[in-house]
Every structure is written in structure tokens, then in C-alpha cells.
Amino acid sequence: MSTTLALDASKGLFLSPALLELAQWNDAESVSVEIGDGRIVVTPVVEKDAQKVQLIRKRGRMVIEGLGASSDADVIASIKAGRDQHDNGVMQDLGA
């Protein structure tokens, strides 16, 4: 499905409840936004998918810290989230 959405006066984008339902985003509590190559990709974030591991800095090194039992997928998701957070910080530092 493809649709065109108008930006409001403040250049904001509104996703209607009907559109969210069509996309099966009923349980989404927030969204993840990726920007690149002239595109904006919005992905739902559902609390039940919250990561069981997190990437933190200890003694100057990035370390994966578990919050309970972790699967390979949880570890990979944590690494990707840490990388994205780092990349976003770098882009902000560069003024992009």
C-alpha cells in the first residue's frame, strides 16, 4: 500500500489511527526513525520487544551488560542500538 500524507503548518507529520491499524502498529508505544539516502524510515517500538541487554561504557570500553537471559538476537539488537546512538551523536557533533 502507498499513500501520500500532507505536512501540517509546522511541517509535522500525523499518522492517523486508521493508518496505524493498517500497518498493524496497534501496540506501538514509540517509534524508531532512521534517516539516510533521502528517505525517512519509521519503525514501531513495542515495549515487549525491549532489549534484554544494553551496551554501556565501562573503564573506557564498550561492554554488553545483560538484564537477564539474553538471546543472540538481543545481543545483536543491543550492538546495533549502541552503534546507532553513537552515529547519531557524531552527526549532531558535526552539525548535520
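The values are calculated or read from the model by the stated rules, or taken from the named source; none is laboratory data. All of these numbers come straight from a predicted model, not from anything done at the bench. Please note: Cβ atoms are built from the backbone with ideal geometry, for glycine as well, and neighbour counts cover all protein chains shown.
Annotations for the structure displayed:
- The residue that is nearest to D84 (Cα to Cα), among those in segment 1-46 that are among the acidic types (D, E) and exposed (fewer than 10 other Cβ atoms within 10 Å of the Cβ), is D37.
- In segment 59-76, the residues that are modelled with pLDDT of 70 or more form Cβ pairs under 9 Å with partners that are surrounded by fewer than 10 Cβ atoms within 10 Å (Cβ to Cβ), at six or more places apart or across chains, as follows: V63/R57; E65/K58.
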